[in-house]
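Report on one structure; see the data block that follows.
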There are 2 protein chains.
Amino acid sequence: MKLKEFAKQLGLSPTTVSRALSGYPEVSEKTRKRVAEEAVRLGYRPNINAVRLVTGRAGAIGVVMGRNEFQFCEFMSGMAERLDSEDIDILVSPVAVQDTKAEIQLYSRLATSGRVDAVIVHSPKPNDERILLLHKLGIPFLVHGRSETNVPHAWLDIDNEGAIRRATSHLLDLGHRRIALINGRDGLTFTLHRDKGYREALEQRGIPFDPRLVAHGQFTDEIGFRFARSLLEQSPRPTAFVAGSMMTALGVYRAVRSLDLVVGRDISVIAHDDVFPYLTADNMAPSLSTSRSSLRAAGARLADLTLQLLAGRPASEIHELWPVELILRESTGPAAEAAQ
Amino acid sequence: MKLKEFAKQLGLSPTTVSRALSGYPEVSEKTRKRVAEEAVRLGYRPNINAVRLVTGRAGAIGVVMGRNEFQFCEFMSGMAERLDSEDIDILVSPVAVQDTKAEIQLYSRLATSGRVDAVIVHSPKPNDERILLLHKLGIPFLVHGRSETNVPHAWLDIDNEGAIRRATSHLLDLGHRRIALINGRDGLTFTLHRDKGYREALEQRGIPFDPRLVAHGQFTDEIGFRFARSLLEQSPRPTAFVAGSMMTALGVYRAVRSLDLVVGRDISVIAHDDVFPYLTADNMAPSLSTSRSSLRAAGARLADLTLQLLAGRPASEIHELWPVELILRESTGPAAEAAQ
DNA sequence: ATCATGAACCAAATCGTTTTAAATTCCTGT
DNA sequence: ACAGGAATTTAAAACGATTTGGTTCATGAT
């Protein structure tokens, strides 16, 4: 059913019908109601591609998904939750992690293709090429994380620095002195922030920073296992780990157990938890102390902010920094004297 | 830059330019080459929304993502890999798991919105409402999994029955007699197939089926832990588990350890592995025996089949059943006599 | 009686392509 | 030199909405 035909059945012009459905003021309340009712009854819905052509809007938000990122789904769920009521789609493009060139190209294509009204940028670097590119191309975009590029941009981030500072401080309070940090991929802002939080906590107690206690890499259980295992075989070994994600923590648990040590007694572990429905900190054995932040909520909020940005709110006004809770469970305990 | 302007610069008509770019035969090779080169040089690209309007194609494939499904990302990565070279997007809509009504509504909206050319259906039931709906609405769709609805439809599935039959048989070969099965959500085809494979293996050895040894549920570590733990506390306890996924297996491992038993010695475990880059069977401790099938490959192939379907290949011709490898690692061993 | 005002509606132009149907150019064989 | 047909190219009509710039008709003021 096309607009023309639908309008004729109503005895109205296409103009009036279109306006009635889009909520313009110059249509009488009576007519508007009738149009709305008949649209439902006769099943009329505007052809979305015609609308897109004439309005120039795409009705979609673009998200680039790195391979190997199990966090992604949770974030997307949040976005979608918020966009459910709007008439806006999520368009997903995947890219190989760490292939910067391909990634830049992808963003460029996405931005100029006209298929999306806005783009989400994940895991930015302090001087992120993608941000410069999107700014140059003039397409609205939101950054999930922070960057120090000097172009104005909207962002939403969690307080990574504070989270790791508090986690580290807590371990120090418990008497730990050799605390290892398993951080994210090198060069990313959140990795640097976490590093900073870690160092600050050490500095506050006058404990020297030892670069051998810090590793960088993707959030896989393998990275967690390998690094934890190699550190635990050394002497003196660390008595505590701050892990970057749930997966990394799984690897650390495995390493600890493989050496017949016990998490929570011999070795303390705190991890950052993005809150997954299928793998929870409470369910690990022993239950895992975490700095906790909901990726789903971040996704929902970022979708919301995107709508605001598209509605005209200036990007330079859109900045949100979310605090992170520290939740203590069984995986943290006083430093074992024996291990010192 | 619009087509009209671009054509004028080339001294050609819009028609010829459009045809040259779309690869029609009635354009001379010389002209085609010139058009292609100039398009790159001047940066002309057809307005995608105009193309969509006039061709009636959406240039996108719709995927509905259930919440809580960590498998989803891997599948999507595969799809995207295949679609990278095509000019086709992936449009993701999320829905709450187990809210059938909302899900049906979502599929209906997706199919009639004109935003996608085809839809992917995941985890079907033997008599799946979504399949009937999409067939009725006349939109092309592909099923990831199998269904017994009598409408013709394209599908790709792995041999769940064979996988679990072989896993169970292998455990029987090792002398296990009380083998527990942690299956997927009740009512789904793949769950039924796995159940069938399990029963067949038992039947072959004349071992009676005991419903108390089978559980159903989502693929979370919690389900794995709870069920395994409650079974292991009984007497006689099972000596082996067949787990539905990596997450479930994590839960089983945890349950086994929590009772001071050892996986691979006291209790054998085989799980189905969809192959995740961030959590691998080799990296578990002990390494996990799995029936293995790549979700990513399935995604890529399903994207490929979707393109074929859209190109006119009849749905009734598109059926693929993939075999599943059984890979033995440390988590399986002979049944411990003591436990009998 | 006339005119300005505003509410409600409408005709036609527009968005930027693809595609149909027709026109032109270029060969080839007689 | 020219008909006939193949090979190229083109003008104009879609596609289905939104939006610009009216028109109509009542109402109340002058």
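With θ taken as phi - 60° and the Karplus curve 6.51 cos²θ - 1.76 cosθ + 1.60 applied, the whole-hertz 3J(HN,Hα) list for the stretch A:283-291 is 8, 7, 10, x, 4, 9, 5, 9, 8 Hz, x standing for glycine and proline.
Across the stretch A:179-188, rounded Karplus estimates of 3J(HN,Hα) from the backbone phi angles (6.51 cos²θ - 1.76 cosθ + 1.60, θ = phi - 60°) give 10, 8, 10, 9, 9, x, 5, 5, x, 7 Hz, Gly and Pro being marked x. Near A:ILE90, the amide H atoms lying under 5 Å from its own belong to A:ILE61, B:VAL92; only residues 5 or more places off or on other chains count, and H is placed 1.01 Å from N.
When the accessible area of the stretch A:79-141 is split by element with a 1.4 Å probe, what percent falls to carbon and sulfur? Carbon and sulfur together cover 45 percent of it.
Using only alpha carbons, chain A has a radius of gyration to Kirkwood radius ratio (Rg to Rh) of 1.12. Each Lys and Arg Cβ is given +1 and each Asp and Glu Cβ -1; about its Cα centre, the protein assembly as shown then shows a dipole of about 1700 debye. Provide an ascending nm list, one decimal, of label-point separations from A:PRO25 to the equivalent residue in each further copy; define each label point as 7 Å from Cα along Cα→Cβ. Shortest to longest, the spacings are 6.0 nm. Taking amide H positions as placed in the peptide plane 1.01 Å from N, state which residues far from A:ASP128 in sequence (5 or more) or on other chains have amide H under 5 Å from it. Amide H neighbours of A:ASP128: A:GLU148, A:THR149. Dividing the summed helix terms, -39500 (n - 2.57) for each DSSP H run of n ≥ 4, by the number of residues in chain A produces a 222 nm estimate of -13000 deg cm²/dmol to the nearest 500.
Comparing each chain alone with all protein chains together (probe 1.4 Å, DNA, RNA and ligands left out), the residues of the stretch B:195-239 losing at least 10 Å² of accessible area are B:THR220, B:ASP221, B:GLU222.
Assuming 0.890 mPa s and 25 °C, estimate D for the stretch A:3-46 with Stokes-Einstein, Rh taken as the Kirkwood radius over Cα pairs, in µm²/s.
Details: Rh = 10.0 Å.
In µm²/s, the coefficient rounds to 245.
Normalised by residue number, the volume inside the convex hull of the Cα atoms of the stretch B:1-132 is 146 Å³ per residue.
From the Kirkwood radius over Cα pairs of the stretch B:181-261, Stokes-Einstein at 37 °C and 0.692 mPa s returns a whole-number translational diffusion coefficient of 255 µm²/s. On association of chains A and B, roughly 4300 Å² of accessible area becomes buried (total for both chains; probe 1.4 Å). Over the stretch B:3-46, accessible surface divided per residue gives 70 Å², non-protein components excluded, 1.4 Å probe.
Using the structure shown, list the pairs from A:LYS125/B:LYS101; A:LYS4/A:LYS136; B:LYS101/B:LYS196 with a Cα-Cα distance above 31 Å, or answer none.
Where the Cα-Cα span goes over 31 Å, the pairs concerned are A:LYS125/B:LYS101; A:LYS4/A:LYS136.
Relative to its residue count, the stretch A:112-229 spans a Cα convex hull of 121 Å³ per residue.
When the Debye formula is applied to the Cα atoms of the protein assembly as shown, each taken as the same point scatterer, what base-10 log of I(q)/I(0) results at q = 0.12 Å⁻¹? At q = 0.12 Å⁻¹ the computed log10 ratios are -1.34. Once backbone amide H atoms are built at 1.01 Å from N, A:ILE267 has A:VAL262 as its partners under 5 Å, excluding neighbours fewer than 5 places away on the same chain. Summarise the accessible area of the stretch B:3-46 (1.4 Å probe, protein heavy atoms) by the percent that is carbon and sulfur. Solvent-exposed carbon and sulfur of the stretch B:3-46 make up 52 percent of the total.
Normalised by the number of residues in chain A, the mean separation of alpha-carbon contacts (under 8 Å, six or more apart) gives a relative contact order of 17 percent.
When A:GLU5 is represented by a point 7 angstrom out along its Cα-to-C-beta vector, the spacings to that point in the other copies are 3.7 nm, nearest first. Work out the FRET efficiency for B:LEU132 and A:SER230 from their Cβ-Cβ distance, taking R0 = 51 Å, and round it to the nearest 0.05. Efficiency, rounded to the nearest 0.05: 0.35.
The values are calculated or read from the model by the stated rules, or taken from the named source; none is laboratory data. This is a predicted model, so every value here is computed, not measured. All Cβ positions, glycine included, derive from the backbone under ideal geometry; neighbour counts span all protein chains shown. Just so you know, the surface numbers come from the protein's heavy atoms only, side chains and all, with ligands and any DNA or RNA stripped out. Shrake-Rupley method; radii C 1.70, N 1.55, O 1.52, S 1.80 Å.
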